[in-house]
Amino acid sequence: MPVSDGPMAAGKVTFVGAGPGAADLITLRGARRIGEADVIIWAASLVTEECVTEHARTDADLVDSSQLTHDDVLAIYRRAVDEGLQVARVHSGDPSLWGAVQEQYDACVELGLDVEIVPGVSAFSAAAAVVGRELTIPEVAQSVILTRLEGGKTPMPPGERVREFARHGTTMAVFLSAARTSQLVEELRTGGYPDDTPVVVAYRTSWPDELTVRCRLDELVHEVRERKLWRHTLFLVGPALAAGGTRSHLYNAGHFHTFRKPDPAARRELRQRRAP
Ligand SMILES: C[S@@+](CC[C@H](N)C(=O)[O-])C[C@H]1O[C@@H](n2cnc3c(N)ncnc32)[C@H](O)[C@@H]1O
């Protein structure tokens, strides 16, 4: 631990989004915070070791959070107050999604620590990148629903069942649900997705053993069972995963915005196409 001659520095906890796994998918700021930390708390099952060790100081304390309870983690935050430590709490993907970050953040504020959140690349955007798909295709899907299946330890709030979201027919990214794929397919069908809806199965995206499968909704259960992808798997679902859609107006020569004037002929053509 650092020994300081002057007044003790204020303790600080930074919640760092580590990205989906690969050490180079963390942000520069996230890597910097890991490099500044005296103590790094991270879940070895969810974040690759290199993601931490590549950026950490050699004298930093590395603590695997899978061995810790919430109270154990709080004890480290209290030490940060007493000893003026810099702590990096590393979460997989982006800390704003299913990271149990809020209770820790609030506890740190209450303890009087400086607190910061550094965003990260979520698994859903990493999975979209692997299959080379934009999730919002003009006139096909303009919304992305990030959700999980009901069940397990966390009940869903009213109105948030997968079947209810599925009624929108847009792109969905379904986290934490691979162990109950039959239930997921039933909910998606009940909500109105047809059997031939394209699905991407993303297992451990950006890890050395990553696996990506493209299939239809009616093939999903078989694909997941055959490969035993019960954990660390995300599903992207929806017509945007296959549709070409129409071309985005943003780059059309007839479209104008604050920084670009339209080409008059292209503008006329665009208007005619839009007319009913
Ligand atoms: C506790 S949640 C954390 C989500 C994370 N905060 C994020 O933004 O990606 C864990 C779930 O995220 C998904 N996940 C996280 N990393 C993944 C990866 N590298 N590949 C595929 N799915 C992943 C899986 O659905 C997994 O069950």
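The values are calculated or read from the model by the stated rules, or taken from the named source; none is laboratory data. Small disclaimer: the values here were computed from a predicted structure and weren't measured. All Cβ positions, glycine included, derive from the backbone under ideal geometry; neighbour counts span all protein chains shown.
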For this session: Name, by its number, the condition in (1) buried (at least 16 other Cβ atoms within 10 Å of the Cβ); (2) within 16 Å of the ligand (Cβ to nearest atom) that does not hold for PRO208.
Result: (1)
For this session: Just give me the residues in segment 40-77 being of a type in the set (Val, Ile, Thr) and either more than 24 Å from TRP207 (Cα to Cα) or part of a helix (DSSP H, G or I) (or both), in sequence order.
Result: VAL52, THR53, THR69, VAL73, ILE76
For this session: Pairs only if they're at least six apart or on different chains, beta carbon under 6 angstrom, first in segment 94-113 and assigned to a helix (DSSP H, G or I), second within 14 Å of the ligand (Cβ to nearest atom); list them, first residue then second.
Result: VAL101/PHE15; VAL101/PRO95
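Give me the residue from segment 1-30 that is surrounded by 20 or more Cβ atoms within 10 Å (Cβ to Cβ) and farther than 21 Å from GLU110 by Cβ and, out of that set, modelled with the lowest pLDDT.
Here is the first cut: in segment 1-30, the residues surrounded by 20 or more Cβ atoms within 10 Å (Cβ to Cβ) are 11-21, 25-26, 30.
Imposing the further condition that a residue be farther than 21 Å from GLU110 by Cβ reduces the set to 17-21, 25-26, 30.
Working: GLY17: 97, ALA18: 96, GLY19: 96, PRO20: 96, GLY21: 92, LEU25: 96, ILE26: 96, GLY30: 97.
Going through the qualifying residues, I end up with GLY21.
Wholly within segment 144-209, which strands (runs of 3 or more DSSP E) include no fewer than the required count, namely at least 1 residues that are hydroxyl-bearing (Ser, Thr, Tyr) and touching a residue at least 60 places away in the same chain (Cβ under 8 Å)? Steps first, answer last, please.
Values: elements: 144-148, 171-175, 198-203.
Of the strands (runs of 3 or more DSSP E) lying wholly inside segment 144-209, those with at least 1 residues that are hydroxyl-bearing (Ser, Thr, Tyr) and touching a residue at least 60 places away in the same chain (Cβ under 8 Å) span 171-175.
Report the residue count in segment 65-96 for those that are farther than 14 Å from VAL118 by Cβ and within 16 Å of the ligand (Cβ to nearest atom).
Applying the first criterion (farther than 14 Å from VAL118 by Cβ) to segment 65-96 yields 65-85.
Applying the additional criterion that residues be within 16 Å of the ligand (Cβ to nearest atom) yields 65-66, 68, 70, 73.
Within segment 65-96, residues that are farther than 14 Å from VAL118 by Cβ and within 16 Å of the ligand (Cβ to nearest atom) number 5.
Going by the structure shown, is VAL131 more than 30 Å from GLN183 (Cα to Cα), hydrophobic (A, V, I, L, M, F, W, C) and touching a strand residue (DSSP E or B) at 6+ places or on another chain (Cβ under 6 Å)?
no
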